[in-house]
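What follows is a single structure, written as structure tokens, with notes after it.
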Amino acid sequence: MSRAFEWQPSASPGALKSRADQLAWVRGFFAQRGVLEVETPVLGRHGVTDPNLDGISANTAAVAGGVAGGWLQTSPEYHMKRLLAAGSGPIFQVSRVFRDGERGRRHNPEFSMLEWYRPGFTDSDLMAEVGDLVCGWLGCAQPGVLAYRDAFRRYAGLDPFLASDRELARRCEAWLEPEQAMTLGRDGCLDLLMSYLVEPALADYGPVFVTGYPESQAALAKVSEHDGTRQAHRFELYVQGIELCNGYWELTDPAEQRRRFAVDNQIRRRSGKPEMAIDAAFLGALEAGIPECSGVALGLDRLLMLKLETSDIADVIAFPVERA
């Protein structure tokens, strides 16, 4: 592309109008349900420990305690849970979030996220509300439900809870050298099989929630016994094979959360990533007590892609990273 044209947005005027319509739809949806819109920092003192996410550091001299530096947030989750602990009640936020190294037809390092929390809701309750919002906007049928375990049995030909690490690695050798497959680890193999076998199959399934993830993929979700296995109260919504959101029946136990943070950092060390400082303010909110609740993060850019029937995120963002 000639540099003479780099000033132009990649999204059409019609796409920008649809983005504004989408924001109005979202705000109207939550206004009707009495959910409060909030704002939390884009620049925070801490990043996240999640081994699958890489934050973007941001240097600043204006950090409390005289400590320079901070992080552009990968999600507003920790700050929103602090509001829940302070008695906010049900809340939602439309925010700009940042994840390093993510650029592709469905990814941009900076993107728009809708996140909301519902005190008193289980994961099943929240799935119903997610379906109302997404399918109301897209004008499609309400989602079905497919267990993670059943999805792997059907489309990957194995049981993700009972298959051995070696069996999973061998299955991944269709895309990787044997030595590479063995270094992925159990969850890395499951993620690869999800990307290459399960997600493409879901493209013909219609809107569908995938539920009941392995305990090792619980992140910030509660875990319970189900069908003889430990499963996370976590769900993801797929529409036309595109992952739109990730939701949890939220973990509220500070001791368990602290343990999971430590495990995250162990995994980061083994994979050569830097350890991340623990967000003491977030743990303080858990210790003070957040209400039993469910929460979900939904990618608004991908939702708009589905609405406009485009496969490239640049078509719905005014200025993707290469034009920013």
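So Arg268 ticks every box in (1) at pLDDT below 95; (2) under 26 Å from Ala128 (Cβ atoms) but one. Which box is left unticked?
Tallying (1) at pLDDT below 95; (2) under 26 Å from Ala128 (Cβ atoms), Arg268 fails exactly one: (2).
For segment 188-221, name all the residues that are outside any loop (DSSP other than H, G, I, E, B), among the hydroxyl-bearing types (Ser, Thr, Tyr) and either touching a Phe, Trp or Tyr at 6+ places or on another chain (Cβ under 8 Å) or closer than 22 Å to Leu286 by Cβ (or both).
Hits for segment 188-221 are Tyr196, Thr211, Tyr213, Ser216.
Mind checking whether some residue in segment 145-160 is buried (at least 17 other Cβ atoms within 10 Å of the Cβ), part of a loop (DSSP other than H, G, I, E, B), touching a residue at least 24 places away in the same chain (Cβ under 8 Å) and charged (D, E, K, R)?
Within segment 145-160, none of the residues are buried (at least 17 other Cβ atoms within 10 Å of the Cβ), part of a loop (DSSP other than H, G, I, E, B), touching a residue at least 24 places away in the same chain (Cβ under 8 Å) and charged (D, E, K, R).
Please enumerate the residues belonging to segment 222-256 that are in contact (Cβ under 8 Å) with a residue 24 or more places away in the chain and in a helix (DSSP H, G or I).
The answer is Pro254, and nothing else.
Out of the residues in segment 120-143 meeting the condition of being part of a helix (DSSP H, G or I), among the aliphatic types (A, V, I, L, M) and in contact (Cβ under 8 Å) with a residue 40 or more places away in the chain, tell me which one is surrounded by the fewest Cβ atoms within 10 Å (Cβ to Cβ).
Out of the qualifying residues, it is Leu138.
Looking at segment 1-34, which of its residues are of a type in the set (A, V, I, L, M, F, W, C), part of a helix (DSSP H, G or I) and either at pLDDT below 95 or surrounded by 11 or more Cβ atoms within 10 Å (Cβ to Cβ) (or both)?
Matches in segment 1-34: Ala4, Phe5, Ala15, Leu16, Leu23, Trp25, Val26, Phe29, Phe30, Ala31.
Select, from Arg268, Arg259, the only residue that is touching a residue at least 60 places away in the same chain (Cβ under 8 Å), among the charged types (D, E, K, R) and within 19 Å of Leu220 (Cβ to Cβ). Please lay out each step first, then the result.
On the way: Arg259 fails: touching a residue at least 60 places away in the same chain (Cβ under 8 Å).
Selected residue: Arg268, the only one of Arg268, Arg259 that is touching a residue at least 60 places away in the same chain (Cβ under 8 Å), among the charged types (D, E, K, R) and within 19 Å of Leu220 (Cβ to Cβ).
Taking the conditions exactly as written (more than 16 Å from the chain's Cα centre (by Cα), of a type in the set (Gly, Ala, Ser), closer than 22 Å to Gly144 by Cα and surrounded by fewer than 19 Cβ atoms within 10 Å (Cβ to Cβ)), does Gly272 satisfy them or not?
Here the answer is no, as Gly272 does not meet what is asked.
Restricting to segment 102-161, name every residue that is farther than 26 Å from Ser75 by Cα, touching a Cys at 6+ places or on another chain (Cβ under 7 Å) and of a type outside the set (A, V, I, L, M, F, W, C).
Correct list: Gln142 only.
Of all the residues that make up segment 35-58, how many are among the hydroxyl-bearing types (Ser, Thr, Tyr), at pLDDT 95 or above and in a strand (DSSP E or B)?
So the answer is 0.
Output the number of the condition that Ala203 fails; it satisfies all remaining conditions of (1) closer than 30 Å to Leu23 by Cα; (2) at pLDDT 95 or above.
Here Ala203 clears every test but (2).
The values are calculated or read from the model by the stated rules, or taken from the named source; none is laboratory data. No experiment lies behind these values; they were computed from the predicted model shown. Heads up, the Cβs are rebuilt from the backbone with ideal geometry, glycines too, and the neighbour counts pull from every protein chain shown.
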